[in-house]
Every structure is written in C-alpha cells, then in structure tokens.
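The values are calculated or read from the model by the stated rules, or taken from the named source; none is laboratory data. This is a predicted model, so every value here is computed, not measured. Don't worry about glycine lacking a Cβ; one is built from the backbone with ideal geometry, like all the others, and counts go over all protein chains shown.
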Amino acid sequence: MTEQGFYADTYAALAGRSENLNKLKSLGLPLGQPCRQGSTAVHMAASMGRIEALEWFKNNQVDLHSPDEDNVTPFLVAAKAGQPEVVKYLLQDRPECISDCQISDGSTALILATVLKHDVTAQILLERNADYLQQDVFGFAALELDQGISKLIPGLQIGEYSQKRDRQRAVIDDLLQTLHDTDTIRTSRYETEKLVLKLVSARKGSAHLWGV
C-alpha cells in the first residue's frame with residue numbers, strides 16, 4: 001500500500017492493463033483489497049471505464065459488485081461517472097445490480113445518471129427497465145429530479161405521472177397524520193415524515209405504490 005492508501009492493483013486497474021495485474025498476481029499480492037477510502041480497484045476501474053481490467057478481475061474470481069461502506073457498488077460508481085459501456089458490462093454480469101442504491105441517500109444508478117446529465121447511461125438503464133419511480137430517502141424519483149428523461153421513456157404521460165404522484169402523496173399524508181395523531185412514537189411530525197419517506201424509498205419494486 002502507498003502512503004495515499006492505494007494498493008498497487010488499484011493503480012494497475014486505473015491503467016487498464018491486464019498484464020500489469022498479472023505481474024501483481026505473480027508476486028502474490030492480495031488483489032481486490034480496499035484502500036483507506038473503502039473503494040477497491042474494481043471501483044476505480046469502473047469509474048475510469050477500464051473494461052479490460054474488470055474482465056481480468058472477473059477471470060481471477062474478484063467480486064465485481066462488492067460494495068464499500070456506504071453500499072456504493074462499482075455499478076453505481078460507473079453510473080455516476082457516466083461510463084455506459086461499464087454499466088452494460090456489469091449489468092450483463094449481474095442483471096439484478098440495477099436495483100443497487102446508496103445507503104446514505106438512497107440514490108439509484110438511474111438517479112445518479114439523471115442528476116449528473118449522463119443521458120447515454122440513463123438511456124441504457126431505462127432500456128433495461130430501471131425503475132424511474134423509485135425514490136431516494138428524500139422522496140424524489142429520477143423523473144422528478146429531471147423531467148427531461150421523460151423523452152427517454154416510451155409512452156410516458158407526464159399528466160398521468162403527476163396524478164399518480166399526487167395519489168401517492170395523499171396516502172403518505174394520511175399515514176403521517178395517523179402517526180402524528182396517535183403519538184405512538186412520541187416524536188415530531190418532521191422526524192416522522194423523514195422516517196416514512198425513508199421506509200417508502202427503501203422498498204424495492206416501489207412502482208406499485210403509484211397505482212394506489
């Protein structure tokens with residue numbers, strides 16, 4: 001490990017050179033170990049678009065989807081960095097990674113790609129049925145954060161979406177009022193609302209809520 005906390009395989013992954021990784025393996029170095037920041041060489045390779053390095057890690061039984069302490073997976077890193085080819089590669093390796101989300105704010109790959117204006121990456125995610133209605137911990141879905149992605153969603157009617165959003169909000173408001181009136185958890189309405197929004201956004205397959 002260097003003084004900066006990086007392992008040698010991290011540098012090799014950034015360079016995207018499989019021959020360098022082979023040399024490190026021949027030296028018996030522990031490949032795929034996290035650096036001080038919690039990211040692994042796989043995270044670094046995903047961020048930089050180094051598919052050759054990712055293929056090398058896969059062939060050498062290194063997990064391509066291992067998360068850091070905030071549950072940020074290499075797939076999320078690739079979406080955030082706007083690396084569409086890496087996103088496709090990792091989805092092909094593990095299709096269910098499309099549901100990955102950060103612990104800190106509940107951001108999905110589609111939310112990250114949308115907020116950062118990575119339209120090509122967002123298009124790939126939508127083509128693979130990413131849930132554009134799944135919310136982060138603040139109650140926002142990708143479509144709300146940037147309605148510009150609506151043009152990427154075939155047949156989407158913004159008016160219909162808004163009506164469903166209003167119905168969901170009404171359900172949440174009723175639940176909040178019930179919790180507040182009963183005072184069963186003895187906390188402020190603000191804190192209760194944050195809790196409920198976190199519970200709602202944490203639910204996988206949350207799209208069924210929109211048809212309430």
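Remarks
- Within the stretch 76-116, tally of residues that are part of a helix (DSSP H, G or I), within 12 Å of the chain's Cα centre (by Cα), exposed (fewer than 15 other Cβ atoms within 10 Å of the Cβ) and touching a residue at least 24 places away in the same chain (Cβ under 8 Å): 1
- Enumeration of residues in the stretch 132-146 that are part of a loop (DSSP other than H, G, I, E, B) and either out of contact with any strand residue (DSSP E or B) (no Cβ under 9 Å at 6 or more places or on another chain) or over 18 Å from V77 (Cα atoms) (or both): Y132, L133, Q134, V137, F138, G139, F140, D146
- Among the residues of this structure, L64 does not count as one that is part of a helix (DSSP H, G or I), free of Cβ contacts under 8 Å to residues at least 60 places away in the same chain and surrounded by 19 or more Cβ atoms within 10 Å (Cβ to Cβ).
- Flag for S39 being modelled with pLDDT under 90, over 24 Å from A141 (Cβ atoms), part of a loop (DSSP other than H, G, I, E, B) and within 16 Å of the chain's Cα centre (by Cα): yes
- Residue within the stretch 152-167 that is out of contact with any Pro (no Cβ under 7 Å at 6 or more places or on another chain), modelled with pLDDT under 70, surrounded by 12 or more Cβ atoms within 10 Å (Cβ to Cβ) and aromatic (F, W, Y) present: yes
- Any hit, the stretch 130-137, residues being over 13 Å from the mean Cα position of the chain (by Cα), at pLDDT below 90 and under 30 Å from L21 (Cβ atoms): no
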